Amino acid sequence: MRVAVIGDVHSNAAAFQAVIDDFGTIDEVWCLGDLVGYGPAPNECIDLLRQMRYLCVAGNHDWAAVERISTRDFNPDAATAAQWTATQLTQDNRRFLEGLPLTLISGQFTLAHGSPRDPIWEYVLRGRDAAASFRYFDTSFCFVGHTHVPAVFGEPRAPSPAPPRYGEAFPLGHLRMIINPGSVGQPRDGFPEARYIRLDTDKLTIEYRHVPYDISRTQQEMENAGLPEMLIWRLEYGQ
Ligand code: ZN
């Protein structure tokens, strides 16, 4: 099966459409949560996902938008965007977000937003975060998002994330791994292009992709919606 693994779309429909156009032939999309929050087009992004064959888990921003968690632990800009998102959602899309599960398993792969131990909140940024996470899933591989930083951690030592190689499929091998595709809608590793992974579950290969998109369109839509300046600015810098 050919799968596009995406995460942290964050209501950025221009970025989402650009990666969809880059998917090629796929059988399913696996979404690692945070479809909404920060950006200007929550309904459009949910609708785009629902038009495809998908699996999707919940992220902290998805739950904040439907008040399943409080925005008390969000920074002020994120909280403002979450509250704005809540006012925009259609009934149907609100129900969709409310119904998202915390984790999903497909074959040898577990999907979680933050970490398999604490899917809503925990960040797997460093080797020691990853090392602590391997006990909390049973499959060979776990895809996570939340940090917005592409990374591959192998068990057992997971000393530091391996930097992804873009545009080249590489074999997953026999180590258990925690893999982060990076963010579609708000990259934070210093480069503004949208990121995702193409996975082939038969050949067991992944390919990191980075895709340019019309950042100024998203920024203009955010300005029109009155979203915080800092959230608009950061898209340009991948911060
Ligand atoms: Zn996120």
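Computed from the coordinates by the stated procedures, all read-outs in this text should not be read as laboratory data. Predicted model, so just to flag it, every value in this text is computed and none were measured. Positions of Cβ are backbone-derived with ideal geometry, glycine not excepted, and every protein chain shown enters the neighbour counts.
Just a few scattered comments:
- Measuring nothing but how far apart in sequence close Cα pairs (under 8 Å, 6+ apart) lie, relative to its length, the chain scores a relative contact order of 23 percent.
- The alpha carbon centroids of the stretch 71-91 and the stretch 167-200 are separated by 27 Å.
- Among 172-178, 42-48, sorting by the average number of other beta carbon atoms lying within 10 angstrom of each residue, highest first, gives 42-48, 172-178.
- Debye log10 I(q)/I(0) for the stretch 1-90, one point scatterer per Cα, at q = 0.19, 0.22 Å⁻¹: -0.80, -1.01
- Structure-based [θ]222 nm, the chain - -39500 (n - 2.57) summed over DSSP H runs of at least 4, per residue, nearest 500: -8500 deg cm²/dmol
- Isolated Cys in the chain, by beta carbon distance under 4.7 Å: 45, 142
- Kirkwood Rh (inverse of mean 1/r, distinct Cα pairs), the stretch 86-160, angstrom: 13.5
- Nearest-0.05 FRET efficiency for residue 103 and residue 165, computed from C-beta distance (R0 30 Å): 0.60
- Dimensions in Å of the stretch 75-117 - Rg and Dmax from alpha carbons: 14.1, 39
- Taking the stretch 37-52 and a reference point 7 angstrom along Cα→Cβ of residue 28, the backbone N atoms nearer than 14 Å belong to 52.
- Placing one equal scatterer on every Cα of the stretch 162-218 and applying the Debye formula, the log10 ratio I(q)/I(0) at q = 0.16, 0.24, 0.29 Å⁻¹ is -0.53, -0.99, -1.27.
- Between residue 223 and residue 21, the FRET efficiency from the beta-carbon distance, with R0 = 30 Å, is close to 0.75.
- Potential extension, residue 54-residue 75 segment - 0.36 nm per residue separation minus Cα distance: 4.5 nm
- Each peptide in 15-23, 228-236, 140-148 was scored by the mean count of other Cβ atoms within 10 Å over its residues; highest first, the order is 140-148, 15-23, 228-236.
- Shape annotation for the chain: C-alpha extents along the principal axes are 48, 33, 31 Å, from largest to smallest.
- Shape of the stretch 113-239, Cα gyration tensor, a/c cut at 1.5: prolate
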